[in-house]
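Here is the structure we will look at.
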Amino acid sequence: MSNSVQTTLESLRARYKPSVIDREIIYYLSLGDGPADKWTVVLTPTACSMTSGRVRDAHCVLKMRADLFTRMLDGSFKPGAIDFMTGKIKTNDLNLLLRLREAFGM
């Protein structure tokens, strides 16, 4: 699964819309149980970077299965309130999670 997660995250770079971000925002993505399924994503008004593992304290944490994350990116899965209420998707900041989606056109 780790190569799949890395490939998925790498594909996001080309979709990044820096104009959506007005300050540095750090996201921690937990997309599975293995260490290769944990990523830190740093968005700034000029760039985005992605690093394996938990590198810094995050403003927003997203926890979900890697296959759902991939489906969300390709448009075949549209998260709804029920996904958060049932724990399929977990986050500490819904507003920043929405900004992540907006920054990558998801």
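So, by mean Cβ neighbours within 10 angstrom, what's the order for 7-14, 28-35 with the highest one leading?
28-35, 7-14
Treating the beta-carbon of each Lys and Arg as +1 and of each Asp and Glu as -1, no other charges, what is the dipole magnitude of the chain about its Cα centre, to the nearest 20 debye? Before the final figure, lay out each step's value.
Values: 15 positive and 11 negative charges, 18 e Å.
For the chain, the charge dipole is close to 80 debye.
Between A14 and T51, what length comes free when the chain is fully extended (0.36 nm per residue of separation minus the Cα-Cα distance, one decimal in nm)?
11.7 nm
Hey, what does the equivalent ellipsoid look like for the chain, semi-axes from the Cα gyration tensor as sqrt of 5 times each eigenvalue, largest first, whole Å?
19, 16, 14
Could you tell me the ratio Rg/Rh of region 1-45? Both radii from Cα atoms, Rh via Kirkwood.
Checking Rg against Rh, the ratio lands at 1.02.
All of the numbers you see were taken from the coordinates with simple rules; none came from a lab. In this text the structure is predicted, and so the values were computed from the model without any measurement. Positions of Cβ are generated from backbone atoms using ideal geometry, with glycine treated the same way; all protein chains shown enter the neighbour counts.
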